[in-house]
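Structure first, commentary second.
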Amino acid sequence: MKRNPAAGGASWYAVRMLMLASALCGATSFMMYSDIIARSLASVLSPEIDPSYTGGEIAHTFYDPAGDDSGYGGLVYPTHRDFRPGSLDLLRYTVHEPVWGARWQEESEYWQFVLSFASGPAAVRAVRVYIDVDGDASGLTEPRGSGSEGLAFDPSHPWDYAFALSGAEGVFFSADGEIEIPIRASALDGGKTLRIRIPLRDRRLHFLYAAAMTRHYVYVAAWSSWSRDSIMSAGAGAASDRIGGAASSFTPAVFDIASPTKALQEEMLSSFDEENFETARILPIAVSLSGNSGSAQAGGRSRKKDEASPGRSGSSARYDSETAELLRLASIEEERLQREKDRAEWISVKESFDAKSNDVEDLVALAGAAFRADFRAEAEAALDEAFSRGHDSSPAKAYKGALLALKGADAPPLAAVSIIADAYVYLDAAVETAETPAETLAARLCRGNVSLAIPEMVFGKRSQGASDFLAAAAAWRSIDSGNAEDIARCYLRAALCFSDSGKEEEAGTWFREASRLAHESEAAGTPLSAALRHELAVRGF
Amino acid sequence: MAVTAFFSAFMGVVVFFFSLSGNMGSPAHWIYAISMLAVFAAMIHTRAYSRWRRVFQVSFALLFMISFIGILYDERGSMSLTQDTIQSGEVPFCQIVIPAIIAPFALTGRVIFPARMTGHFASVMGMILLWFIATVTIGRGWCGWVCFYGGWEEGASRILKKPRVNLLSRNKDLRSFQFAFLFFVVLMSLGFMSSVYCEWFCPFKLVTEYAEISDLPSLIATVIFIGLFLGLVIVLPLLTRKRTQCSALCPFGAFQSLMDRFSSYRVVIDVDKCVRCMKCAEACSFCAIDRETIREEKGRPELTCAKCGECLSVCPTGAIRYEFSFQAASDARIRAKGCSPVPKNVPSNRFGAYFQAILDPQYLFVFTAFTFSVIVSGKFIPDAFIRIASIAFGGPR
């Protein structure tokens, strides 16, 4: 056999060197950046789970304002320890399209609803959802039972079907009393989310597949097994088994209803007329379903609909982009001014700092000022000095962790992983040892910002980051409830964390809350920073 | 020795990154790191790739089961696939589903599996990226080196010294069946918009998670799972010394065989050195070498080769080796012209010889394949150690 003279030589080595490099570093580097690659790929491909597994296409997501769980405006939670702040605060109400022929499910025909709350547990809630399906005058305008919630519905939209949940157990029923099906809600995420599936096996319910426009009355009360209709009654003062803050015996015992604004909710729940013995009347929210025969009515609309964000209505795309650009330019100026302010503060703290002082708190304050002004070496030196003197307060650990994380950002990838892991030792300890709201704030903000900055697939910290920012927002509220700027910023960052971790609906809630604060501040003549408004504007809020 | 040290040092970095970093204080992670480095060094030093690969894969399959089931109990309190898990789209995604989801995704933009898209060790995007990079590097070597299920058959096939049933003459039929089954699974998944393989045929449900038995179909599915596990994963490998599930039923295996043309390495048979003893054909666990493969001087195993290295270790003349794909293709073209490929120059000095040794495709393939072994096992094996220790000695994990 002849030999081929063309093989071998410099190219032989060059190609093999390339193979060596790719073998030694290729797979490792690829997996290191797989988070960024996965997110980029996901944004291009936009993959989603076939909705028949997870509840069907989303027909409508209604975002209810956060912090409006005071009913008509003055209701107070019962004193029982199971009631936690926010456990009756409805944040989202999601209606799915009815599903048929679903695989891997107990019920292959069902209609799914999801209700999300600010906190758990689920066992304290009485949830009622009354639905007008046909849009005609048939149906009822009063809730089923003895009316212990103390409200009535819009006479132009009487309800035909409803479901009532007490804790996780419930029943689906029709206004004519012919249908009554026991249902069970799945309480997820520590009871913050309730997922309800209405079985549609009954042929009498099959017309729902063709339904186009529906209207929903959604409200949340406190559950009590001892009370009428399982709804806890309201009185002037709160007790273990009684809601407090009722203005009269006609005050609806309802903490939250699905309503676009808190003001509208309070108006509806205060609309009772004691003299004429009229209960408060509430309006429904409209939910359009695609409907097999109703597609013409829903035509031209996206199948996945969110309630329009407040900032979007009436704005043209051009106006939006121009506004975003103006805000971006203003935010650059703001950033420059903030940098100057931080540097001035650092110089002032440094000048007033007595190096011989034994007060380690001063050292931590110095480190904090240096950290904010981006003098990392000085901040680290001050913290090391504080630690060497046996000081280990929560803020010191938080700053140390954040500084380590910043070092990690500048380090080569392999070293960065180790440095970030070390940073979390400090950041976690800072959160665990925080005692005062101010300490909680510093610790949660430091950890949250690090969690938002590092690659999600390598570290998987975005969910933790989101809860840190929400906890920081709560801390801000307890320190200074009027500080809309910082609270909104926490909401915005929580939303970004949720968005990165694939929880788009959660993200939507907190984008909307940040946007709501921005609009309220603007209406009050004290607009929030341009940077924040720019962040919201580019996301369409 | 120098080559062993060179590659082991780099493997140390890989082990550090994918397991030790962030767990420096954990004895379980250190045990894992040291064990993996020892196995890798032994592999490179002795060149008995297949023996050490086998040790890893069998251990990994057992420890993966312990860790995975433990994680399921932590997350949902049971090994059973609950309605909540499905409805929340949190079913762990495994590579076997990949061929079934591609066509429905291409047509509808939807993934017909209720798993997380990103941000989880068993998310869809995470597994697809891992599959992609594995495909362009080691190709079907995934099955021979990385698959966390393969170790079950690997272990069962090594219990008896000699096969009680010789499948050599049925190799082609098994391969044909596997491709036909892949076609069936893809078609059915598209038709029902559901992963039919997971629903009805996956034998590894028995060692990972299973659906709740709530009605007659789920009872039938469970009987099928148990039957397939016992038949294809335990009994047949035991009798035939072949990985029968991997060779006959696994749709991912068939899919990966088709994708292997994009991989960087392949196994080649030097027909000039081959003495046609057929030891490679008998040793091949994946039914990828037939008598005809040798007789017809094809110069490489059949499409389903998983690059496990069994044939390399039994070849008495060293005629089988790992080669770069581009080199194998170039050599094949040269042979087709009636020429013989030029053998590489042998450098006269020690450094040159060392330099050439570290560029040898066999080391580079083994390094790459073992890197994937570490990437996939880096979290599960230490976790299994911790779980075993907590059961054996008590106390919190």
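Just the C-alpha atoms of region B:264-343: what Rg/Rh do they give, with Rh taken as the Kirkwood radius?
Rounded to two decimals, Rg over Rh is 0.93.
Could you tell me the relative contact order of chain A? Use alpha-carbon pairs under 8 Å, at least six residues apart, and round to a whole percent.
It rounds to 12 percent for chain A.
I need the per residue convex hull volume for chain A, using only the alpha carbons, in cubic angstrom as a whole number.
247
Which whole-number percentage describes the relative contact order of region A:370-445, with Cα contacts under 8 Å and a sequence gap of 6 or more?
Answer for region A:370-445 is 32 percent.
Could you work out the local net charge near residue A:486, counting Lys and Arg as +1, Asp and Glu as -1, over the other residues with Cβ closer than 11 Å to its Cβ?
+1
Do the alpha carbons of any pairs in B:205/B:279; B:307/B:337; B:162/B:205 sit beyond 32 Å of each other, and which pairs?
Pairs exceeding the cut-off: B:205/B:279.
Would you please give the residues with an amide H less than 5 Å from that of residue B:138, counting only those at least 5 places away or on a separate chain, with H modeled from the backbone geometry?
Residues meeting the criterion, in which the H sits 1.01 Å from N, are B:264.
Report, by chain and number, residues whose modeled amide H sits under 5 Å from the one on residue A:59, excluding near sequence neighbours (fewer than 5 apart, same chain).
Residues meeting the amide H criterion: A:95, A:96, A:97.
Please state the charge dipole magnitude for the protein assembly as shown, taken about the Cα centre, from unit charges on C-beta atoms (+1 on K and R, -1 on D and E), reported in debye and rounded to the nearest 20.
The dipole of the protein assembly as shown has a size of about 6680 debye.
Report the Cα-based extents of region A:324-466 along its three principal axes, largest first, to the nearest Å.
Cα extents, longest axis first: 45, 38, 33 Å.
Show which aspartates and glutamates lie in cross-link reach of residue B:242 when reach means a straight Cα distance below 18 angstrom and same-chain residues fewer than eight apart are skipped.
Those aspartates and glutamates meeting the cut-off are B:153, B:154, B:173, B:282, B:290, B:302, B:310.
Neighbouring Cβ atoms within 10 Å as the yardstick, rank A:206, A:534 fewest first.
A:206, A:534
For residue B:273, give me every one of the aspartates and glutamates with a C-alpha distance below 12 angstrom, ignoring sequence neighbours fewer than eight places off in its own chain.
Reachable aspartates and glutamates: B:297.
Rounded to whole Å and ordered largest first, report the semi-axes of the equivalent ellipsoid of region A:1-124 derived from its Cα gyration tensor (root of 5λ).
Here the semi-axes work out to 59, 23, 13 Å.
Sorted from fewest to most neighbouring beta carbons within 10 Å, what does the list A:110, A:399, B:73, A:33 look like?
B:73, A:33, A:110, A:399
In peptide A:35-45, what is the residue-averaged number of other protein chain Cβ atoms found within 10 Å of each Cβ?
4
Could you give the nm distance between label points at residue A:483 and residue A:348, where each point is 7 Å from its Cα heading toward the beta carbon?
If labels sit at residue A:483 and residue A:348, their model points lie 1.6 nm apart.
Subtract the Cα-Cα distance of residue B:183 and residue B:2 from 0.36 nm times their separation in residues, and report this length gain in nm to one decimal.
Gain in length upon complete extension: 60.4 nm.
Simple spin-label model, 7 Å along Cα-to-Cβ: residue A:134 to residue B:274 in nm?
7.8
Looking only at other chains, what is the average number of their beta-carbon atoms within 10 angstrom of each beta-carbon in B:322-334?
What the average comes to for B:322-334 is 2.
Can you give the Kirkwood hydrodynamic radius for region B:79-263, in Å, rounded to one decimal and based on Cα pairs?
Taking every pair of different Cα atoms in region B:79-263, averaging 1/r and inverting gives 17.2 Å.
What number, in percent, do you get for the relative contact order of chain B if the mean sequence gap of Cα pairs under 8 Å and at least 6 apart is divided by its residue count?
The normalised contact order for chain B reaches 23 percent.
On average, how many beta carbons from a partner chain sit within 10 Å of the beta carbon of a residue in A:494-507?
Per-residue shielding by partner chains comes out at 1.
Can you sort A:331, A:34, A:43 by how many other beta carbons sit within 10 Å, fewest first?
A:43, A:331, A:34
Amide H to amide H under 5 Å from residue A:235: which residues, 5+ apart in sequence or cross-chain, H placed 1.01 Å off N in plane?
A:243, A:244, A:245, A:246
In debye to the nearest 20, how big a dipole does region B:257-397 give about its Cα centre with +1 on each Lys and Arg Cβ and -1 on each Asp and Glu Cβ?
So the dipole magnitude of region B:257-397 works out to roughly 220 debye.
So what J values fall out for region B:224-230 if you push phi through Karplus, 6.51 cos²θ - 1.76 cosθ + 1.60 with θ = phi - 60°, rounded to Hz, Gly and Pro as x?
Rounded to whole hertz, the list is 5, 4, 5, x, 5, 5, 5.
Please compute the alpha carbon radius of gyration of the protein assembly as shown, then divide it by the globular-protein estimate 2.2 N^0.38 Å. Two decimals is fine.
1.09
Quick one: grab Rg to one decimal and Dmax as a whole number for region A:378-442, Cα atoms only, in Å.
12.1, 37
Bear in mind that the values in this text are calculations on the coordinates, not laboratory data. Nothing here was measured: the structure is a model prediction, and the numbers come from that model. Methodologically, a virtual Cβ is constructed for each residue, glycine included, from the backbone with ideal geometry; neighbour enumeration extends over all protein chains shown.
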